[in-house]
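Trainee: After the structure tokens below, expect a handful of questions from me.
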Amino acid sequence: MEPFIKHTGLVAPLDRVNVDTDQMVPKQFLKLQTRQGYGRVLFYDWRYLPGEKPNPEFVLNAPRYKGASVILARANFGCGSSREHAPWAILDYGFHAILAPSYADIFYNNCFKNGILPVTLANEQIDELFARTEKKEGYRVTVDLQEQVVTDDNGLRYSFEVDPFRRDCLLKGLDDIGLTLVHEPRISAFEATNLKHPAMYEAVDVKHHSDSPQSARHN
Amino acid sequence: MVARTLYEKIWDAHVVREEPGQPTLIYIDRHLIHEGTSPQAFAGLKAAGRKVRRPELTFAVMDHSVSTKNRLLPVLDADARGQFEALERNCAETGVHLFDMNSKNQGIVHIIGPELGITQPGQTIVCGDSHTSTHGAFGALAFGIGTSEIEHVLATQCLTQFKSKTMQVEIAGKRPRGVTAKDIILAVIGKIGIAGGNGYVFEYTGEAVRGLSMEGRMTMCNMSIEGGARAGMVAPDETTFEYMEGRPFVPRGRDFQEAVTFWQTLPSDTDAKYDETLILHAPDLAPMVTWGTNPGMVTQVSERVPDPGSFDDPVDREAATRALVYMDLKPGTAMEDISLDRVFIGSCTNSRLEDLRAAAKMVQGKHVAKSLKQALVVPGSRVVKAEAEAEGLDKIFVAAGFEWRDAGCSMCIGMNDDVLLSGERSASTSNRNFEGRQGKGGRTHLVSPVMAAAAAIEGHFVDIRKWNNVDGAE
């Protein structure tokens, strides 16, 4: 994972609440086996008219937001499906940071696994950022994870909270599987104590592979 | 000893490593995977030269893109076929159990886990699918994860987690006639909104919840995620134990008795504290229908499409306005006057035997309205399908003009060829009415199986409480 330390970029405003992950990457693109290449389909149904013609009404298609790398969003961003294709698409499109008043749980987690920083700000701060983005073409902000602050060239300075562990992982671009495997002896010790419990861990019946002639119920 | 909730008991029993200021490493008892979100996880694992730590604790099934028509025909969709082949290959290489599309036990991942007894009380269960919350009905801690976390579980059988807050969602009193588990959970989401549960794990309590079958409890827990909650849970009781006994992956004989003894320790202690409590009174509830583009945009069937102007919050007003444009609905329209193009009875929310029985009872001796293009029944699993056929439910549905299909996710997500076309309107027993969920431009109204069945007969929504064959509370 690429580390996220500090990012300066053009802001694109997405002024809708409850933007769900079905909108970010519609189902027809969930059949691929890669983590790359989803930028083209980000917000597909909103972004394109039939024949993949850019929909001029959709904000990301406006020339002034071309090359945006920070999404400014509303509450409960990323609700719905757990599909990690959503943050993959956001990153692949070129976004590195998100500014919103709140996020849905699974999506928020998934962002940190992909080097995207979802910044949580107060509603009034988000309103102010929408106003500034609207007012000034080419409006840019700097999102600084080290300092935990969002700034612009006109004196705006909003500090934000982020869990210290997540911050550290993002700053260093850490592989969290590697981090967990450092504790392998603890995992083994847990298994040695707990995996014997029949109610919790052992399938006592035959394993039902596809070639098994038995039905699910034994009776 | 400090009084603990069900959630806290399961959490405590699964802590592998805990350090101040860091997320906790918790052990995962059951890992369920499907073809849609797992290939990248296996690829990542392989690229890093890592192994699946406990392949016997991961269970795989093909469900999202499978055809519900003829499974013996070749899969024409090359991308879907690629995912099926990848799952097959990944499971064969790593030793993970696989229920492929021709297995007798194939079905939607959240239907077959409980059905096979893979899901058990007290477990931690994860799956790369947000509706993993379903399994919480057994008094398990179950939640959806992303693909990076799938890879993490495959490699370590653990996850790093932050502890959630707890919300007791009490449904007091008895369910009235015609009100199902689906209506209860839609009412909960309507009350708190789709972000209302953010940061929480719900525990459903109260007389109406106790009175639900395991199927009904699964319906409620399934949609916890639609209220923004990480998970939903119901404390295990006699209803749970009775359901468990004899299922393939459940211990037998003395081991079962021992398991029950352990399961009986799981319910929240009487003086346990929740961070929040929400109380709904079951007798006040009614059959529900969504009118908008998220599950929180919902009202009672006897009501009308709301006027966006009636919302106080400008953000809600704007969202409602946008939703009504997408749904092509006018404020003030009676819900019962909304006519439909297709009806879908299926999904991990409502495709179990009890759902199909209830729906069949509504349509027996009647026929789907001529105005309908399609009425679809998709059993949640092949076991459900076989059981339903043994009872003759398939014949009732077919005689009434429904299509009777093979098991899978089907029109809930429309990754196979069961989709809504642009502009079409459905009554659906699934869980999400997001824009384009069932097909680009499709308009989804979420309802219970009995409401969907009755709507199929009439061609528009009907208040099933007016029908005389509707079941009572318990």
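The values are calculated or read from the model by the stated rules, or taken from the named source; none is laboratory data. Remember, it's a predicted structure, so these values are computed and weren't measured experimentally. Virtual Cβ from ideal backbone geometry, glycine too; neighbours counted across all protein chains shown.
Trainee: Condition check: in contact (Cβ under 8 Å) with a residue 40 or more places away in the chain, buried (at least 17 other Cβ atoms within 10 Å of the Cβ) and either under 30 Å from B:Q40 (Cβ atoms) or touching a Gly at 6+ places or on another chain (Cβ under 8 Å) (or both). Does A:F77 satisfy that?
Mentor: yes
Trainee: Filter region B:8-37 for residues that are farther than 19 Å from B:I118 by Cα and hydroxyl-bearing (S, T, Y) and give the result.
Mentor: Hits for region B:8-37 are B:T24, B:T37.
Trainee: Something else about it: Give region B:30-73 a look and list any residue that's under 26 Å from the mean Cα position of the chain (by Cα), facing chain A (nearest Cβ under 8 Å) and more than 30 Å from B:E403 (Cα to Cα), or say none.
Mentor: B:P39, B:Q40, B:E56, B:L57
Trainee: Could you pull out the residue among A:D163, A:D127 that is within 18 Å of the chain's Cα centre (by Cα) and of a type in the set (D, E)?
Mentor: A:D163
Trainee: Within region B:132-147, identify whether any single residue is farther than 16 Å from B:S224 by Cβ, crowded, with 24+ Cβ neighbours inside 10 Å and in contact (Cβ under 8 Å) with a residue 24 or more places away in the chain, and answer yes or no.
Mentor: yes
Trainee: Checking B:A453 against (1) under 25 Å from B:I194 (Cα atoms); (2) crowded, with 24+ Cβ neighbours inside 10 Å; (3) out of contact with any His (no Cβ under 9 Å at 6 or more places or on another chain), only one condition comes out false. Which one?
Mentor: B:A453 satisfies every listed condition except (1).
Trainee: If you go through region B:117-125 one residue at a time, do you hit one that is modelled with pLDDT of 95 or more and assigned to a strand (DSSP E or B)?
Mentor: yes
Trainee: While we're here: Give the residue that is nearest to B:A172 (Cα to Cα), with candidates limited to residues of region B:289-319 that are assigned to a helix (DSSP H, G or I) and within 14 Å of chain A (Cβ to nearest Cβ).
Mentor: B:D316
Trainee: For region B:186-194, check the following and say yes or no: at least one residue is modelled with pLDDT of 95 or more, within 8 Å of chain A (Cβ to nearest Cβ) and over 29 Å from B:R247 (Cβ atoms).
Mentor: The answer is yes, given that some residue of region B:186-194 is modelled with pLDDT of 95 or more, within 8 Å of chain A (Cβ to nearest Cβ) and over 29 Å from B:R247 (Cβ atoms).
Trainee: Hey, can you tell me all the residues within region B:132-159 that are part of a helix (DSSP H, G or I), at the interface with chain A (Cβ under 9 Å from one of its Cβ atoms) and not aliphatic (A, V, I, L, M)?
Mentor: Within region B:132-159, B:T132, B:T147, B:S148, B:E149, B:E151, B:H152, B:T156 meet the criteria.
Trainee: Mind telling me which of the residues A:S82, A:S69 ends up being more than 10 Å from every other protein chain (Cβ to nearest Cβ) and touching a residue at least 60 places away in the same chain (Cβ under 8 Å)?
Mentor: A:S69 is the lone residue from the list that is more than 10 Å from every other protein chain (Cβ to nearest Cβ) and touching a residue at least 60 places away in the same chain (Cβ under 8 Å).
Trainee: Within region A:126-140, how many residues are closer than 18 Å to A:Y103 by Cβ and surrounded by 17 or more Cβ atoms within 10 Å (Cβ to Cβ)?
Mentor: Number satisfying all stated conditions: 3.
Trainee: Condition first: touching a Pro at 6+ places or on another chain (Cβ under 9 Å), farther than 22 Å from B:A229 by Cβ and either surrounded by 11 or more Cβ atoms within 10 Å (Cβ to Cβ) or modelled with pLDDT of 95 or more (or both). Now tell me which residues in region B:1-22 satisfy that.
Mentor: B:Q22
Trainee: Right, here's the next one. Can you list residue pairs whose Cβ atoms sit under 9 Å apart, with the first residue in region A:35-52 being facing chain B (nearest Cβ under 10 Å) and the second being of a type in the set (A, V, I, L, M) and assigned to a loop (DSSP other than H, G, I, E, B)? Count only pairs 6 or more apart in sequence or on different chains.
Mentor: If the second residue must be of a type in the set (A, V, I, L, M) and assigned to a loop (DSSP other than H, G, I, E, B), the pairs left are A:Y44/A:V25.
Trainee: Taking B:S103 as meeting all but one of (1) buried (at least 23 other Cβ atoms within 10 Å of the Cβ); (2) within 7 Å of chain A (Cβ to nearest Cβ); (3) over 25 Å from B:I194 (Cβ atoms), write down the number of the exception.
Mentor: B:S103 satisfies all of (1) buried (at least 23 other Cβ atoms within 10 Å of the Cβ); (2) within 7 Å of chain A (Cβ to nearest Cβ); (3) over 25 Å from B:I194 (Cβ atoms) except (1).
Trainee: Okay, moving on. Among (1) out of contact with any helix residue (DSSP H, G or I) (no Cβ under 7 Å at 6 or more places or on another chain); (2) closer than 24 Å to A:G78 by Cα; (3) within 12 Å of chain A (Cβ to nearest Cβ); (4) not hydroxyl-bearing (S, T, Y), which single condition is B:I125 missing?
Mentor: So B:I125 meets the others, but not (1).
Trainee: Does B:P331 satisfy the condition of being touching a Pro at 6+ places or on another chain (Cβ under 7 Å) and closer than 28 Å to B:G436 by Cβ?
Mentor: Yes; evaluated as a whole, the condition is true for this residue.
Trainee: Scanning for something surrounded by fewer than 23 Cβ atoms within 10 Å (Cβ to Cβ) and hydrophobic (A, V, I, L, M, F, W, C), does region B:216-231 turn up at least one residue?
Mentor: Checked region B:216-231: no residue is surrounded by fewer than 23 Cβ atoms within 10 Å (Cβ to Cβ) and hydrophobic (A, V, I, L, M, F, W, C).
Trainee: Please specify each residue of region A:148-181 satisfying the condition of being facing chain B (nearest Cβ under 10 Å) and more than 17 Å from B:G21 (Cα to Cα).
Mentor: Across region A:148-181, the qualifying residues are A:D175, A:I177, A:G178, A:L181.
Trainee: Further question on the same structure: Would it be correct to say that B:T239 is among the β-branched types (V, I, T), under 22 Å from B:G296 (Cα atoms) and surrounded by fewer than 24 Cβ atoms within 10 Å (Cβ to Cβ)?
Mentor: No: the conditions fail for B:T239.
Trainee: Further, regarding this structure: I'd like to know if region B:233-241 contains one or more residues that are free of Cβ contacts under 8 Å to residues at least 24 places away in the same chain and either within 12 Å of another protein chain (Cβ to nearest Cβ) or hydroxyl-bearing (S, T, Y) (or both).
Mentor: yes
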